[in-house]
Each structure stands twice: as C-alpha cells, then as structure tokens.
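Worksheet: one structure, shown below.
The values are calculated or read from the model by the stated rules, or taken from the named source; none is laboratory data. Not measured: the values here are computed from a predicted model. Here the Cβ positions follow ideal geometry from the backbone for every residue, glycine too, while neighbour counts run over all protein chains shown.
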Amino acid sequence: MKNSTHNPSNDIAQEYAEYENKDKHLLALLLDKFLEKKDQILVQKTEMGGTEAYVGSVSLEWFANRVHFASGLPLLQKKYNPETQNIEIDAESIDEIQQRPLDWSRQIALVHYLASRKNHKFPAVLVVINQPWVDNPKAAEWNSEGRAKKATTDFIPLDNEGKVGLLNVSEDNVTIYALDGQHRLIGVQGLMELIKTGKLQRYKKDKAADDSFINVNDLIEQYQVEPAYLQSLPKEKIGIEFICAVNVGETYTEAKRRVRSIFVHVNLMAAPLTKGQLAQLNEDDGFAIVARNIAVTHPLLAQKPNRNPRVNWNSATVAANSTVLTTLQALQDMSERYLGQKFPHWKPLEKGLIPMRPEDEELQEGIAEFRKLFDNLATLPSYKILDHEDTPVLRRFSFEKGGGEANMLFRPVSQVALAQALGTLVFKKGFSLEAICKKLRKFDQQGGFSGMEYPQSLWYGVLYDPNKKRVQVAGRDLAAKLLIYILGGTNDAVEIASLRKAIADARTIEDNTINFDGKLVSPQQVGLPSILN
C-alpha cells in the first residue's frame, strides 16, 4: 500500500492565504476609491490629553496651497498686517497672539535645503481646521448658551472602532491654519514659487524685499540638481496632524484658550539642541565630523582610564573649576577656523544654509591635517604639564578661589584664536606648522601664554577684560591677528599700523592706556610686541 504524505493542514493554510489576499485586494480597491477624492484625506484618529487629532499626510503642493498662516485666523484679523502676514502686537492684541513673528529671511535657506538635499526631511506639521460659522456668534452651530453643537472637524470613520477614516478638507467648508510649522510652510511655499517661476525673491525678517533673487538655474549649477528632480518635489509627502478650532460643547473663549495652550505646550516641549549637541550629531558639517574624530582619538583629548575627561560634550563654556581642557563646540570652531582656510568649500554657500557633506577622501585629509595640528599643540609645555597637573589651577585667575596661572591655552576662546592664526599662517601664507610650534614652545616656556590678567601679558585687554575681570570672546579675532604678527606673518605696513591702533584701543581703560610694561602712556606710545625668533 502506497504511503500518502499529503498534509490536510497545508490545504487549510493555502486557503486562508488566498482569502487574506482577496481581503487585501478588496481593501486596496476601496482605499483607491476613497483616496481619489480630493476633498477628503485618509487619517488615523488619535487622542492625547483630552485632545482629539487626525494624523495623515499631504503633498508639498497641497500643503503650500491649502494651509494658511495662523496669524490669518479671523479672531486676529483686527491686528493682522497683510504685508508681513504677522500680527501687530499692541495692548489690545497681546492676549490674542498665538504665534511668534514670522522670520521671512529664513525662507531662502529652507528652500535651498529642500531643493539641494536629496535626504531632506521636515517634521510633521500641526494645523487647525476652522469653519466659517466659528466667527459668527449667531450661527446655528452655537446653542443658546454659546456652546458649539459640532466640531470644526468632519471625520467619517471607516472601521468599527472609529480609529481610521476620512477627514473632510473641502475648500468650500474649511480653512486650515498652521499652528506649528509656519516656517516649514514658508519654505515649501518658496519652493513651489521657485519651481513655478524659476526665481524667488529674497526677504528680510519683516518681509521687506532684499533687492535680489535666487535663480533656479543657479541652484541647478551649484548643487548639480537635475531639473526633473526639482519638478518631482511638489508630489513629495509631508506628515500633517489636524486638530479642530472648536470642539463640541466648547465656547468660543474656551476653544481659543485650548488652541493657544496647545501651541505653547508644543513649543515649550521642543527644546532646541545646544551647539554642543549639534556638533555631536551633525553628519553634514565636515568641520564637526573632523572635530568629533579628534575629540575621541587624539591622545591629548581622548578618554583614558584614571584620567578626568578632557572634553565637555554639551556646554560651549568651561567653568573655572572644571577639569576638562576644552569643549566639543570649541573643537568644531577650531576645526572650521583652521581647516576652513584649506577647505573653504566645506562652508555653506550662504549663512543659514546646511553645508554639503565633504567626500570621504577629503574628510580623511581634513582629519589628518587637524590631527597634525594637535600633535604639535600637544608639545607645548603648558599642555605637557597636564601629565602631572589638572586644568583648573592652570585656567583660573590669581584672584579666583584657589588661585591659578590664568593660562590662555586653557580657555576655549583662546584655543579657537590660536587655531585661526595657525590656519592662516599654514594654509594662506605657506608657513611650516612645525616651525611655528617650535617658536610657540619657546614663547610658552617664557610664560607668554600665562598671566593674561596682568598688563605685561600680550593678551591683557585683548582676551582679558580688566574692567569685568573675565575673558572676553569679542577679542578672539584681534588675538588671532596678534598671534599672526608675533609669528612673523604680518608684513603689510597698513595692517601693522591697524593692529597697533587696535591693541592700543584694547589696552585703554577709561581713558587710561597701559603699555606692555604696565605703565600709563598715551595711545600713540603703545607699540607692538617683539616678533618671535
């Protein structure tokens, strides 16, 4: 008798799979039918903190055409400025304000980002659905107590639990306003205009014309963007979350307070990244990538057992008693001011734009150059002391608790100034980094970087503010110029005269000018320090 290997359960599984496929096909047909309707959007209903919302997605073109700025809500119309599309703030309107003023100067940067970055991404926007009856107190939708009989959102559920369905967004019935995402709206509207007309007007913050345009052809040339790619952008999808302007049972005042409260909460919870956190995460900025690499791999900075951390990863400043040597933000600034003179194209074309990530080969070259800088800096006597001494005593001023050497090499602003000066000398003037650092080692041995709080120091009045008795960031560029001079990199007579005057001004406190010997002199009597041998 022949054995049968037939398993009945296989037939059942196959039959089940066929039914499932038929169901999926039927669902796809139904969805296609519903999604064809331009006045309805497929959404999922959510609820959080008592607020119902409807989450879906729309094309960038739809977003630009259908969504308005929150400042255009009828309840704010009395103080609405159609030129700036902002609310004019005064004693009457201050309690009505629900949005920060629009900054139109950001539009170009946002358009550049969307058009030039293949991996661009905007977060979902939060919008409010309003209907005409809301601002008519005599409308039938309000009951005798002034409470709404219906919500401004019209949702048609497609499942038994009412979680998935269609949201009515017919232009005849609703108006939609961006509650969170106004600047994203500015960017998308600008992109649509650029694609449609081939150019886009630049604006100042208040939407005053800046007398210049960006041209789509220039954009294509600068970023090697294909015209077909630009034409495809309007069909891209952005996430969108809808809430109602007025809910069932709310009064006009209660609805207004709820919407305003949601906006405040959204913005309070969305804390911006610190500069240090941006430096940690940035994968587009070549200078940030190089800085992170050196921070974790170079012996002077890397984390080692039985040694306090040398890098503050979050804050942009270093406290007097902190044991770190520098900050990640300072390392990024050093990287930019040093390598930026060799790789100027690593910087964005315009302020506010996101830089393009350098090619890997060039990044490796940048890392090698920056490592070479730190290899040489690590030979400075002040940094050699770190093998036996911690940073606070080297950083603190003498008058601070515990006292210290007031060594500028342990202040981030000074480190950035030094990197800027060395970058100019090495990449612009052709100096040897090793030869420069040989001079700096001798200068350091003679105490040239220490005692910045005393008039005898080159950095008195430049990096040290005698009035406020603290380091002054504003002196960074002057400190860099002074370093270039003492290292023999300034030969132009006009530059030298300008530097001498700037130093004299820096050392003038309340009409008293102090020379490098600590004596009161006239500003004209302040010379320049000797050039290092």
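General remarks:
- Total residues in region 310-332, condition under 19 Å from Lys384 (Cβ atoms) and either without any contact (Cβ under 8 Å) to a residue 12 or more places away in the chain or in a loop (DSSP other than H, G, I, E, B) (or both): 4
- Qualifying residue in region 31-52 (condition: surrounded by 10 or more Cβ atoms within 10 Å (Cβ to Cβ), at pLDDT 75 or above and farther than 30 Å from Gly249 by Cα): no
- Residue match in region 393-405 (condition: among the acidic types (Asp, Glu) and over 32 Å from the mean Cα position of the chain (by Cα)): yes
- In region 290-299, the condition of being under 25 Å from Gln44 (Cβ atoms), under 26 Å from the mean Cα position of the chain (by Cα), among the charged types (D, E, K, R) and not in a loop (DSSP other than H, G, I, E, B) is met by no residue.
- The residue pairs whose first member lies in region 153-166 and is within 15 Å of Glu47 (Cα to Cα), whose second member is polar (S, T, N, Q), and whose beta carbons are closer than 7 Å, counting only pairs six or more residues apart or on different chains, are Lys163/Gln44; Val164/Gln44.
So that you can scan it fast, the table gives a plain yes or no per residue for (1) out of contact with any strand residue (DSSP E or B) (no Cβ under 6 Å at 6 or more places or on another chain); (2) in the same structural domain as Asp333 (by TED's automatic domain parsing); (3) of a type in the set (A, V, I, L, M); (4) within 23 Å of Ala378 (Cα to Cα):
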position	(1), (2), (3), (4)
Thr424	yes, no, no, yes
Lys438	yes, no, no, yes
Gln445	yes, no, no, yes
Phe449	yes, no, no, yes
Gln472	no, no, no, no
Ala493	yes, no, yes, no
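- For Ser530, the requirement of being hydroxyl-bearing (Ser, Thr, Tyr), over 32 Å from the mean Cα position of the chain (by Cα), over 22 Å from Glu400 (Cα atoms) and in the same structural domain as Gly430 (by TED's automatic domain parsing) is met.
- Helices (runs of 4 or more DSSP H) wholly inside region 351-438 that include at least 1 residues being surrounded by fewer than 20 Cβ atoms within 10 Å (Cβ to Cβ) and of a type in the set (Asp, Glu): 360-377
- Scanning region 324-355 for residues that are more than 12 Å from Pro412 (Cα to Cα) and touching a Lys or Arg at 6+ places or on another chain (Cβ under 8 Å) gives Glu336, Gly340, Gln341, Gly352, Ile354, Pro355.
- Residue within region 129-143 that is surrounded by 18 or more Cβ atoms within 10 Å (Cβ to Cβ), more than 27 Å from Gln231 (Cα to Cα), touching a Cys at 6+ places or on another chain (Cβ under 7 Å) and at pLDDT 90 or above present: yes
- Subset of region 504-533 (residues that are among the basic types (Lys, Arg) and within 13 Å of Pro466 (Cα to Cα)): Arg507
- Region 142-179, residues that are aliphatic (A, V, I, L, M) and assigned to a strand (DSSP E or B): Ala148, Ile156, Val164, Leu166, Leu167, Ile176, Ala178, Leu179
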